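This report refers to the structure that appears directly beneath it.
Just so it is clear, none of the values below were taken in a lab; they were calculated from the coordinates. Predicted model only: the values in this text are computed from it and were never measured. Ideal geometry is used to build each Cβ from the backbone, glycine not excepted, and the neighbour counts take in all protein chains shown.
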Amino acid sequence: MERPALVFDIKVNGENQEVKMTYGVFNEILQIIPDPSQIGDLFITDAALRDYVARRMLSGNKRIKNEEDLVDPFDLDIDMDEVNNLILWVGDHVLYFFMNSAEKTAALMKRYEPAMAEIQSSQSKSGSET
């Protein structure tokens, strides 16, 4: 599984703009995605989520405290196909994070499975002796 590009280039108001997926921005995005397994449906059916994701990404690498901190969509001359590509790029990052984390966590659990089984076995034996 290939990691998505950290930078997305988009034309906004006639100027090329570089959007970067930073740790802070990514964590804000994760907080608004209720269920990553449904991200495809959400991005198609939830207009408010799509709007927030696009505006969040176009607002730069800064803390967003409230909606007024987001770029105003009426100030943006931007192609809707490019906005869609930006949203899909964000979805790619979210899904990559969860799939990659799941794979690494499964490998970690497998590596410690024998030791964990031994601990659980000794705990159940000591519990039955009292």
Next item on the list: On a C-alpha basis, how far is the centre of segment 11-35 from the centre of segment 58-85 in Å? Whole number, if you could?
Entry: 9 Å
Check: What is the spin-label model distance, in nm, from PHE26 to SER124 if the labels are put 7 Å beyond Cα along the C-beta direction?
Finding: 3.9 nm
Check: With N residues in the chain, what two-decimal value do you get for its Cα radius of gyration over 2.2 N^0.38 Å?
Finding: 1.50
Notebook entry, point to check: Among the helices of the chain (complete DSSP H runs), which have Cα atoms covering no less than 24 Å along the helix axis and a Kyte-Doolittle mean of at least -0.5?
Noted result: 80-128
Checklist line | Cβ-based charge dipole, segment 23-102, positive-most Cα from ASN85, GLY24, TYR52 | finding: GLY24
Margin query: Treating only the Cβ of Lys, Arg, Asp and Glu as charged (+1, +1, -1, -1), what charge dipole size does segment 7-104 show about its Cα centre? Round to the nearest 20 debye.
Written below: 460 debye
Next item on the list: Highest first, please rank the peptides 89-100, 32-43 by the mean number of other Cβ atoms sitting within 10 Å of their residues.
Entry: 89-100, 32-43
